[in-house]
Structures are given as structure tokens and as C-alpha cells.
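Each remark here refers to the structure printed beneath this line.
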Amino acid sequence: MIHAACAFALLNGASCWAQRRLSLKEAIDQALQSRASLKAQAEQVLAAEGLKRQAGLIANPEFQFQNENLRPGQTYSRDVDTLAMINQPLDVLGKRRQRITLAGERVNRARADYELARWQVIQEVKNAYWAALGSERIRNVLKTSADNFQRIVQYHSAQFSAGAIAEQDFLRVRLEGERLQISADLAGIDANRLRLDLLRAMGDSSFPELILTEPLVPQSEVEPLGIDEVLNRRMEIKAARTALEEAKANARLQDVLARPDLNVTYGYKRTELPDTTFGVNTAIASVRITLPTTDRNQGNRSAAQAEVRRQEQILAATETEIRAEYQSALQEYQARHTELLNELGPLREHAAEIASIASAAYAEGGTDLLRLLDAERSRLDAELAWTRGMVDYRQSIDRLEAAEGVIQ
């Protein structure tokens with residue numbers, strides 16, 4: 001049955017293979033799987049996890065082999081002293097622990113940055129989807145109106161040929177039909193451009209023809225959240241907070257790095273005794289410690305503290321921006337909702353009713369052509385205004401959900 005339907009479609013000049021039905025969820029899922037930028041951000045998380053593992057490793061010991069009293073004419077096995085030593089750096093002053101803590105905070109930041117990038121991709125796809133769907137509906141409205149008006153043009157052409165109407169009236173009707181056709185063609189260009197924008201946001205490089213299946217009219221209204229919950233859900237806040245925690249961990253590490261470094265050496269020495277043919281074995285032990293007199297890591301500590309203050313200001317600025325963005329999105333949603341219910345919906349109904357009355361009156365000879373054209377133009381303008389208003393309303397919902405930190 002499917003192949004038969006495709007063959008029928010091909011005979012009628014359409015390609016059923018090239019078209020693809022696409023819901024909003026499918027568009028988002030494909031974007032999350034296909035976007036190369038998102039995959040690159042995921043690699044940042046793996047890199048941070050690798051650095052965390054590296055930070056937890058204990059420093060390798062050093063092995064040293066040494067000969068002393070090497071002089072010309074000596075017998076190596078009898079006259080030369082031999083030393084073998086192992087040097088182990090010690091981390092008993094908290095440096096390794098702070099390195100691990102800092103690496104863990106960097107993992108958290110990389111994950112927060114990934115979630116932020118993922119959330120931004122979702123919002124980009126949502127905006128592109130509703131823009132493409134709205135342009136598709138506008139194109140369909142104009143195309144349907146142009147096709148329907150062609151019947152009016154054909155009717156008046158027949159009337160003009162029969163001498164029932166004046167040439168001026170026929171030219172006026174034909175001009176209106178040409179105007180509608182041009183508007184439909186331009187709307188088709190816009191719809192194709194926005195479809196490509198949607199495919200680009202999805203990371204799709206095949207660029208197929210799409211049938212967007214999401215209903216334009218929302219199923220339910222949105223219940224706004226409180227600002228405190230919004231601040232807890234927004235990915236930008238989470239990313240800024242993890243960046244601040246990372247800066248604090250780095251500041252603590254820089255403080256710890258000002259402490260001395262400890263090294264322990266243990267080894268073996270074989271010394272040949274004078275005027276004998278045998279030697280003695282002795283043990284060697286030493287402790288080395290750096291003396292932080294001139295270099296106490298002052299510059300790095302100062303820079304780390306400055307970075308903490310910078311991240312605190314970035315977090316405060318992000319919270320301020322999100323509060324303003326949320327209020328703006330909430331007010332826009334409420335205004336769009338009110339406009340759609342109280343203005344655009346009644347306008348659409350009234351314009352359709354007036355056009356129907358004008359069409360019936362014109363068919364009965366009760367009104368002139370200009371009134372009919374005005375009524376049709378008003379109906380079309382009202383239909384387009386309702387469609388654009390519905391798209392704007394849908395996008396205002398997305399902006400409100402984005403301001404609230406809704407993931408999907």
C-alpha cells in the first residue's frame with residue numbers, strides 16, 4: 001500500500017520520499033544527537049574527568065645510581081664507592097587533597113557548561129520550529145486565498161466576456177488576484193528559508209522537505225513559576241555557581257601551594273675500606289624541605305582571590321539579568337495571551353462573517369465589487385494577523401519557559 005501510494009504521488013508530481021513528518025520533540029531529539037558543538041562540549045566533560053583522575057595520582061619516586069672516588073688507575077669493583085638511592089616526594093601538607101578538590105570542581109563546571117549548551121540548543125530548536133511552522137501556516141493561508149480568489153477571477157472573466165460587467169471591474173479583480181499570488185510566492189520563499197534555519201538548528205545536513213506536525217494552538221495555558229524557583233532552575237545560574245566554586249577551590253589550592261615541599265631519600269652505599277680487599281655497606285637517609293622565603297606564591301594567590309571576586313560579580317550580574325528576563329518574558333506572555341483571546345480571535349471571526357455576508361450580497365447584486373474586495377482583504381488580513389499572533393503567542397510561551405529554565 002505504501003509503495004502504491006508513493007507511485008501515485010510520483011505520477012502526480014510529488015515525492016513522498018522527500019517529505020518527512022516532524023514533531024517538536026523529534027526535532028529536539030535530533031538536535032541533541034546531531035549537533036557537533038554539543039558533542040564537542042561533551043568532550044570537555046571527559047577531559048575534565050581525566051584531569052581529575054590525574055590530580056589524584058601520587059608522585060612517582062626517583063631512582064638515583066651514583067659512583068664516587070672515580071680516579072685513573074683504579075679497579076672499579078674494589079676502589080669505587082657505589083650509591084643507590086630512591087627519592088620520594090611527600091604530600092603531607094594538603095596539596096594533593098586541594099588539587100583533587102579543584103579538579104572535581106572543574107568537572108562540575110564542565111558538566112554545568114554542557115547542560116547549559118544543551119539547554120541553549122533546545123531553545124534554539126524551539127524558536128526555529130515555531131518560526132518555521134508559523135511561516136508555513138502563513139504560506140498556506142495565502143496560497144489557499146490565492147487559489148480561491150482565482151475562481152472569482154475566472155467568474156468575472158466569464159462575466160466580462162459576456163458583457164455583464166465593465167472592463168474596469170474585471171481588471172480590478174485580476175489585479176487583486178495577482179497581488180495575492182505574489183504575496184503567496186513571497187511567503188513560500190520565507191517558509192523555505194525558515195525551514196532551512198530549523199534544519200540547521202537540528203544539525204541536519206540532508207535538508208529534506210518537512211511536514212511540521214505540532215499543533216499551532218497550545219493544548220493548555222502556562223502556570224508561571226516564582227522567581228526563587230526560576231533562579232534555582234536556570235542553567236546560567238548553575239554554571240555561574242560552579243564557576244565560583246571552582247575559583248574558590250583554586251584560591252585554596254594556591255594558599256596551600258605556598259607551604260614547603262617535602263622529599264624523603266633512602267638509599268644504600270657500599271664503601272671500600274682503605275688497604276683492604278673488602279668493603280662495608282651503609283644506609284643513607286635524608287629529608288629535603290623547601291624554604292618559602294622569597295617565593296610564597298604571592299602572585300598566584302592574589303590572582304586567585306581576584307578571580308573569586310570576579311566570579312562573584314558575574315553570578316550577581318547573571319541573577320540580575322535573569323530576573324529582568326523573567327519579568328519581561330512573563331509580561332510578554334500575559335500580553336500575547338490577552339491579545340489573542342480578546343482581540344485577534346474576535347477579529348478573525350468578525351472578518352470571516354463580514355466576508356461571507358459580502359460574498360452572498362455580491363452574488364445577489366446587493367453590493368458592489370469594491371465592497372466585496374475590501375471584505376475579502378479584511379478577512380485575509382485578520383486571518384494572517386491571527387496566525388502571526390498565534391505564532392507570537394507560542395514563541396512567548398517558549399521564551400517564558402526558557403526564562404523559567406524549563407529543559408524540554
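Just a few scattered comments:
- Ellipticity estimate at 222 nm from DSSP helix runs (n ≥ 4, -39,500 (n - 2.57)) divided over the chain, nearest 500: -24000 deg cm²/dmol
- Pairwise centroid distance, computed over Cα atoms, of region 155-169 with region 16-59, Å: 65
- Antiparallel bridges, percent of DSSP beta bridges restricted to the chain (to nearest 5): 85
- Judged by the mean number of other Cβ atoms found within 10 Å, the most tightly packed of the peptides 44-53, 234-243 leads the ranking 234-243, 44-53.
- Dipole of the chain, positive direction: furthest Cα of LEU372, GLN123, ALA283, with charges on the beta-carbon: ALA283
- Among ARG309, ARG137, ARG109: highest mean-square fluctuation, GNM of the chain, C-alpha pairs under 10 Å: ARG309
All of the numbers you see were taken from the coordinates with simple rules; none came from a lab. Only a predicted model underlies this, so the values are computations on that prediction, with no experimental measurement involved. We place every Cβ from the backbone using ideal geometry, glycine too, and count neighbours over all the protein chains shown.
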